[in-house]
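A short worksheet on the structure shown next.
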Amino acid sequence: MSKLYTRCQNCREIYEKEKPYCPSCNTPTNYEDKTIKLIECPACKKEVSSEAPNCPNCGQPINTKTKCPKCGSYNTKPISNSSKVISTIMWGALATNKVISKNECLNCKHKF
C-alpha cells in the first residue's frame, strides 16, 4: 500500500502527510498542499512519485498516459491524421488548433 506525502511550502522537504509539522523546519502542515502519492518502481523497487514520467533511479517509464494540461484528466486520446485532414478540408485555417495538436481530452475537449 502506498503512503501519501506532501511537500513543505517553506523548505520544500517531502514528508508523510499525517505529520502535523515538517520534520525539517517544524512548519505546520498545510493540508491545502498538493498530496504526492509515492508508488514502487516496477524495475528497481524504489519509491517514486506516481506523476513522474520515469524513475529517477533507473529510468524505467512510470506513467505513460498523457495528462490534459487544462483539467488534469488522463482520459485522453490521440488525434488521428485522417481527422486532421478532414478538418482541414472542411474548416481550412480554422482547423489550425486541431491540426497542430497531438491529443484531445475526452472530458473537457481541450486539444493539446
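The values are calculated or read from the model by the stated rules, or taken from the named source; none is laboratory data. Nothing here was measured: the structure is a model prediction, and the numbers come from that model. Don't worry about glycine lacking a Cβ; one is built from the backbone with ideal geometry, like all the others, and counts go over all protein chains shown.
Of note:
- Candidates Lys19, Lys67: the one that is within 27 Å of Asn103 (Cα to Cα) and either of a type in the set (S, T, N, Q) or modelled with pLDDT of 80 or more (or both) is Lys67.
- Taking the stretch 83-112 as the range and being of a type in the set (S, T, N, Q) and assigned to a helix (DSSP H, G or I) as the test, the residues that pass are Ser83, Ser87, Thr88, Thr96, Asn97.
- Just so you know, in the stretch 33-50 the residues that are assigned to a loop (DSSP other than H, G, I, E, B) and within 12 Å of Arg7 (Cβ to Cβ) include one that is modelled with the highest pLDDT, and it is Lys34.
- Members of the stretch 69-82 found to be outside any strand (DSSP E or B) and either over 30 Å from Lys46 (Cβ atoms) or acidic (Asp, Glu) (or both), listed by number: Lys70, Cys71, Ile79, Ser80, Asn81, Ser82
- Thr66, sole failed condition from (1) of a type outside the set (A, V, I, L, M, F, W, C); (2) surrounded by fewer than 16 Cβ atoms within 10 Å (Cβ to Cβ); (3) part of a loop (DSSP other than H, G, I, E, B): (2)
- The set of residues in the stretch 95-112 being of a type in the set (A, V, I, L, M) and either under 22 Å from the mean Cα position of the chain (by Cα) or at pLDDT 90 or above (or both) consists of Ile100, Leu106.
- The set of residues from the stretch 40-81 being under 9 Å from the mean Cα position of the chain (by Cα) and without any contact (Cβ under 8 Å) to a residue 40 or more places away in the chain comprises Glu51, Ala52, Pro53, Asn63, Lys65, Thr66, Lys67, Gly72, Ser73, Tyr74.
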